[in-house]
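The values are calculated or read from the model by the stated rules, or taken from the named source; none is laboratory data. What you are looking at is a predicted structure, and each value in this text was computed from that prediction instead of being measured. Heads up, the Cβs are rebuilt from the backbone with ideal geometry, glycines too, and the neighbour counts pull from every protein chain shown. The protein model used for the area step is the full one, side chains on, heavy atoms only, and it has no ligands, DNA or RNA in it. Shrake-Rupley method; radii C 1.70, N 1.55, O 1.52, S 1.80 Å.
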Amino acid sequence: MPLDVDTLRADTRGVRSVIHLNNAGSSLMPRTVTDTVVAHLRREEEIGGYEAAAEASGRSDRVYASLAQLIEADPAGIALMESGSSAWASVVSLLPLAGSRVLLGRTEYGSNVGILRRLARQRGLQLVVLEDDADGRVSVQHLQQELDLDDVGLVALTHVPMAGGLVNDAAAVGRLCRKAGVPFILDACQSVGQLPLDVAELKCDILVGTGRKFLRGPRGTAFVYLDSHVLEKVVPTPNDRRALFAPIQDEPPSARLLESREASIAARLGLGRASEYALELGIEDIRGRLQTLADGMRLHLADIRDVELYGRGKQGSGIVTFSVREKMAVQVKEHLAADGINLSTVPLPPLKPDAVLQETPATPSTAVRASVHCYNTEAEIDRLASALRRLVSRGN
Ligand SMILES: Cc1ncc(COP(=O)(O)O)c(C=O)c1O
């Protein structure tokens, strides 16, 4: 059933005050998510934090179940984290690698590349940046060539990069990695909530998602999924994490050992509610609406003199990246903010694969990113286009 936009907007208090096109940054939470968070905080206020957690323990367990349903995984493989970057860093740092070469895409998320660079220095690893195919997606052909050379310890891919609208063919990458017996980590921070994800089909051993973006959860929430064979290898070292308190050797391996023992239960419950809400709407329907809105926006923007769209080939996500000739991205953002339109600026990935690994990259060019969610409307996109036309016609 197509999504009912009036209901989606009634579910989203923020649409009354702003045109929010920064869903890839942090989406507007649906009221059911905010209400869940606030209700739990009230219980903490009324009866105490530990008592409120005990009262909500059944609902806390359902957070794992709904996230697992969202990515078609076993709930035992899910750990709740505070950010996508720290989830990615924790797991990759703990993962024993059977080969000394790590393959990554050109559009790998910046902090993931930073972690890999550090690991490369510490463990003598070689990082290899894969080329793009003609559509700008990671080249599966190049991946196969590199896997054939052997000694690959890990393949890392960002499913939907933060800039541009492309969706990497993660399932094709997963199939080749599984065949070669090489672990595959998928950064799904920009895809969870906007695209259907099925870890069996993606054949990823590790998947990282964040809460506040297309999933529309609260800030400070994220999760990681570990396949059971990875779970056995990733033994957390004692720090602030639960591992410090759990008798690791005696327990069946549980991804929850990666979790911080202290966390915001309210935010976690909010994350679970966001996941349930997305499942109730239907991820396929969400994907369809995002694509219609983003394709419509691209057509609109392509028509505006001095607006240049970024990205090659077919764009499959709700992210649209562009620049306005002779205007800095931040100026465009500020101009639109004055018109009540939220969007963000993003660094563009370097065009040359090797430049991705430079310690001190040249100042990256920055573009403007508009990202839609299902509660956005065609009328809001018209408002964006009109505001951009005004900016362009005003000149400097
Ligand atoms: C592709 C991608 N991966 C990872 C992250 C990091 O997520 P977090 O901000 O939760 O650490 C982001 C955030 O923008 C992202 O765009």
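The single residue among L186, L197 that is at pLDDT 95 or above, within 16 Å of the ligand (Cβ to nearest atom) and in a loop (DSSP other than H, G, I, E, B) turns out to be L197. Which of the residues that make up region 144-153 are at pLDDT 95 or above and either out of contact with any Asp or Glu (no Cβ under 9 Å at 6 or more places or on another chain) or closer than 30 Å to L293 by Cα (or both)? Matches in region 144-153: Q144, Q145, E146, L147, D148, L149, D151, G153.
Without any contact (Cβ under 8 Å) to a residue 12 or more places away in the chain, part of a helix (DSSP H, G or I) and either within 15 Å of the ligand (Cβ to nearest atom) or in contact with a strand residue (DSSP E or B) (Cβ under 6 Å, 6 or more places away or on another chain) (or both) - does that describe any residue in region 100-110? So far as region 100-110 goes, no, none of its residues is without any contact (Cβ under 8 Å) to a residue 12 or more places away in the chain, part of a helix (DSSP H, G or I) and either within 15 Å of the ligand (Cβ to nearest atom) or in contact with a strand residue (DSSP E or B) (Cβ under 6 Å, 6 or more places away or on another chain) (or both).
Screening region 46-63 for residues that are touching a residue at least 24 places away in the same chain (Cβ under 8 Å) and not polar (S, T, N, Q) and picking the one that is nearest to the ligand (Cβ to nearest atom) gives V63.
Residues in region 291-312 that are open to solvent by 20 Å² or more (accessible area, probe 1.4 Å) and under 21 Å from the mean Cα position of the chain (by Cα): 6 in all.
If the condition is being in a loop (DSSP other than H, G, I, E, B) and either more than 16 Å from the ligand (Cβ to nearest atom) or open to solvent by 10 Å² or more (accessible area, probe 1.4 Å) (or both), then region 134-158 contributes A134, D135, R137, S139, L149, D150, D151.
The number of residues in region 43-75 that are open to solvent by less than 40 Å² (accessible area, probe 1.4 Å), assigned to a helix (DSSP H, G or I) and farther than 29 Å from P196 by Cβ comes to 3. Anything in region 111-133 that is touching a residue at least 12 places away in the same chain (Cβ under 8 Å), more than 25 Å from G318 (Cβ to Cβ) and open to solvent by less than 40 Å² (accessible area, probe 1.4 Å)? List them, or say none. If the condition is that a residue be touching a residue at least 12 places away in the same chain (Cβ under 8 Å), more than 25 Å from G318 (Cβ to Cβ) and open to solvent by less than 40 Å² (accessible area, probe 1.4 Å), then I115, L116, L119, A120, L125, L127, V128, V129 are the ones that fit. Among the helices (runs of 4 or more DSSP H) confined to region 261-338, the ones with at least 3 residues that are closer than 26 Å to L391 by Cα are located at 283-302, 329-338.
Residues in region 25-42: is at least one assigned to a helix (DSSP H, G or I), of a type in the set (D, E) and more than 16 Å from the ligand (Cβ to nearest atom)?
Kept after step one, since they are assigned to a helix (DSSP H, G or I), are these residues of region 25-42: 31-42.
Filter once more, so that each one left must be of a type in the set (D, E): 35.
Checking the rest, the ones that are also more than 16 Å from the ligand (Cβ to nearest atom) come to 35.
Looking for residues that are assigned to a helix (DSSP H, G or I), of a type in the set (D, E) and more than 16 Å from the ligand (Cβ to nearest atom), one finds at least one in region 25-42, hence yes.
Of the numbered criteria (1) within 22 Å of Q69 (Cα to Cα); (2) in a loop (DSSP other than H, G, I, E, B), the one L166 fails is (1). Kindly establish whether T34 is in contact with a helix residue (DSSP H, G or I) (Cβ under 9 Å, 6 or more places away or on another chain), more than 25 Å from A163 (Cβ to Cβ) and at pLDDT 95 or above. Yes; evaluated as a whole, the condition is true for this residue.
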